[in-house]
1. Would you mind ranking Ser59, Ser12 so that the residue whose beta carbon has the fewest other beta carbons within 10 Å leads the list?
2. How far apart, in nanometres, would the label points at Glu4 and Tyr18 be if each is projected 7 angstrom from Cα along the Cα-to-Cβ direction?
3. Using 0.36 nm per residue of separation minus the Cα-Cα distance, give me the extension gain between Ser59 and Ala30 in nm, one decimal.
4. If each residue of separation counts as 0.36 nm, what is the full-extension length gain between Thr86 and His68 once their alpha-carbon separation is subtracted?
5. In degrees, nearest 10, range 0 to 90: what is the angle between the Cα axis of helix 50-60 and the longest Cα principal axis of the chain?
Amino acid sequence: MSYENKIHLLISDQNGVYIPNRFKTNFDLAQWGIAFDDVRYLDDPYHEFYWEVWDTILSTAETLHDGHKWRLYQDGDLWAVRADMTEEEWGQAFGF
């Protein structure tokens with residue numbers, strides 16, 4: 001099985017602590033089901049709630065695209081990952 005059509009790089013890890021801010025700025029949050037006021041904390045990576053809000057987004061955000069459900073996954077880089085990936089595909093993609 002190939003995982004290549006089941007993951008998409010959204011933001012490179014070279015953005016460091018600004019990945020959450022870049023996501024907020026460059027992606028349609030409503031499309032990802034993110035509609036809460038706390039996203040304002042993603043403006044400043046030094047705000048006390050920055051990482052807490054980002055963790056909530058990572059664990060709850062999902063979107064439907066081309067008939068498939070996609071979720072966010074961050075391991076350095078930020079990825080869009082199809083929800084139907086198998087364990088084997090995860091291992092191939094992320095080295096598990």
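1. Values: Ser59 9, Ser12 12.
The order, fewest Cβ neighbours first, is Ser59, Ser12.
2. 3.2 nm
3. My answer for the length gained is 8.9 nm.
4. Details: separation 18, 0.36 × 18 = 6.48 nm, distance 1.40 nm.
That pair, Thr86 and His68, stretches by 5.1 nm at full extension.
5. Long axis of 50-60 versus the principal axis of the chain: about 30 degrees.
Read-outs throughout are calculated quantities, based only on the coordinates presented, and are distinct from any laboratory measurement. Everything numeric here is computed off the predicted structure, so don't read it as measured data. Reconstructed Cβ throughout: ideal geometry from the backbone, glycine too, with neighbour counts over all protein chains shown.
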